[in-house]
Amino acid sequence: MRTYHAGSRAVQDRAGVRDIADHVGQIIGQGIKPVAAAFLELQPLLILGAADPATDRVWASPLTGPPGFVRATGPHQISVTGGPRPADPLTPALTDARDLPVGTIALDPRTRRRMRVDGRLRTTARGFTIAAERVFSNCPKCIQRRESYETLADRVPAPVRHSGELTSTQAEFIAAADTFFLATVHDHGADASHRGGNPGFVHAISPHELTWPDYPGNAMFLSLGNLLTDPRAGLLFLDWNTGTTLQLTGEARTEFGEEGERRVRFNLDEVVESTAAIPLRWSPPEYSPANPTPAR
């Protein structure tokens, strides 16, 4: 697989960072090194992004389990025990998947480390495997540190609410967020990435539209490149204190300012709110010193 497709190249060229992207892109490989395998086995949370073949909608979904539920089972494969909850919008696509393009990201708030594995998903008796096509780690920029977590047991099934627009409470949930996850797709695969900032960096400007700044990062522009060629996107917001999730699907486009700044606008098709959807309860955040002050 090529390191960059035409969409990422176009954004890199517009930002004037193609040379930097060529250098940084050397971190992307197909193999899962021992240090990466060890990192994955410590994680209680994995974010998976994909397009549902039945609806063509893109979603980002949380998967949780005890450390070890995600494992490297070879230099080019990871195995996951379990899957998303039954009411998750991606569950139907994973029920009997064969070579489904997916992107995943494992983010550890305790160490402010993150790792991405993109590839092809195949359903198994215990969960699923992913044949890795692209593996890399990112810098800790804009990751909020959360020192510890606990796992709740014996939870009742989470109430789920579907809607075509955001409520005022959901808009407040988004405005208070310091982290969300972004799923995007392209002709040959899918990707899941992280966005972070101080509360207020992302907000709903109407019941059908969100916006956030694209802060300077690694110059690869994988997500924005995907959106340039295919605007479908899925967003996942977590309440790190209660386990409640907001999953949004729709289309996103990047606006480029005269001074080089970039802002993404997301138009909502559907939102799924799941109360106490995941069992993890994290300690309060220590905001990243790299977080810019949100514009007012």
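The values are calculated or read from the model by the stated rules, or taken from the named source; none is laboratory data. Source: prediction; values computed, not measured. In this analysis, Cβ positions are derived from the backbone assuming ideal geometry, glycine residues included, and neighbour counts consider all displayed protein chains. What goes into the accessible areas is simple: the full protein's heavy atoms, side chains included, and nothing from ligands, DNA or RNA. Shrake-Rupley method; radii C 1.70, N 1.55, O 1.52, S 1.80 Å.
Name the residues in the range 202-227 that are closer than 24 Å to Ala21 by Cβ, out of contact with any Leu (no Cβ under 7 Å at 6 or more places or on another chain) and either crowded, with 21+ Cβ neighbours inside 10 Å or without any contact (Cβ under 8 Å) to a residue 40 or more places away in the chain (or both), would you? Across the range 202-227, the qualifying residues are Trp212, Pro216, Met220, Phe221, Leu222, Leu224, Gly225, Asn226, Leu227. The helices (runs of 4 or more DSSP H) located wholly in the range 1-95 that include 1 or more residues which are basic (Lys, Arg) and open to solvent by 20 Å² or more (accessible area, probe 1.4 Å) occupy 6-15, 18-24. Looking across Arg232, Arg263, one residue alone is at pLDDT 95 or above and either farther than 27 Å from Val58 by Cα or surrounded by fewer than 17 Cβ atoms within 10 Å (Cβ to Cβ) (or both). It is Arg263. For Leu246, the conditions (1) over 18 Å from the mean Cα position of the chain (by Cα); (2) under 21 Å from Asp108 (Cα atoms); (3) crowded, with 21+ Cβ neighbours inside 10 Å all hold with the exception of (1).
Within the range 125-140, the residues that satisfy the criterion of being over 16 Å from Ala190 (Cβ atoms) and surrounded by fewer than 19 Cβ atoms within 10 Å (Cβ to Cβ) are Ala125, Arg126, Gly127, Ser137, Cys139, Pro140.
Look through Arg155, Arg122, Arg113, Arg145 and report the one residue that is touching a residue at least 60 places away in the same chain (Cβ under 8 Å), touching a Leu at 6+ places or on another chain (Cβ under 9 Å) and open to solvent by 60 Å² or more (accessible area, probe 1.4 Å). Can you show your working first?
Numbers: Arg155 fails: touching a Leu at 6+ places or on another chain (Cβ under 9 Å); Arg122 fails: touching a residue at least 60 places away in the same chain (Cβ under 8 Å); Arg145 fails: touching a Leu at 6+ places or on another chain (Cβ under 9 Å).
Matching residue, one of Arg155, Arg122, Arg113, Arg145: Arg113.
Pairs meeting the criteria (first residue in the range 43-72 and free of Cβ contacts under 8 Å to residues at least 12 places away in the same chain, second residue part of a strand (DSSP E or B), beta carbons under 9 Å, at least 6 apart or on different chains) are Thr55/Thr249.
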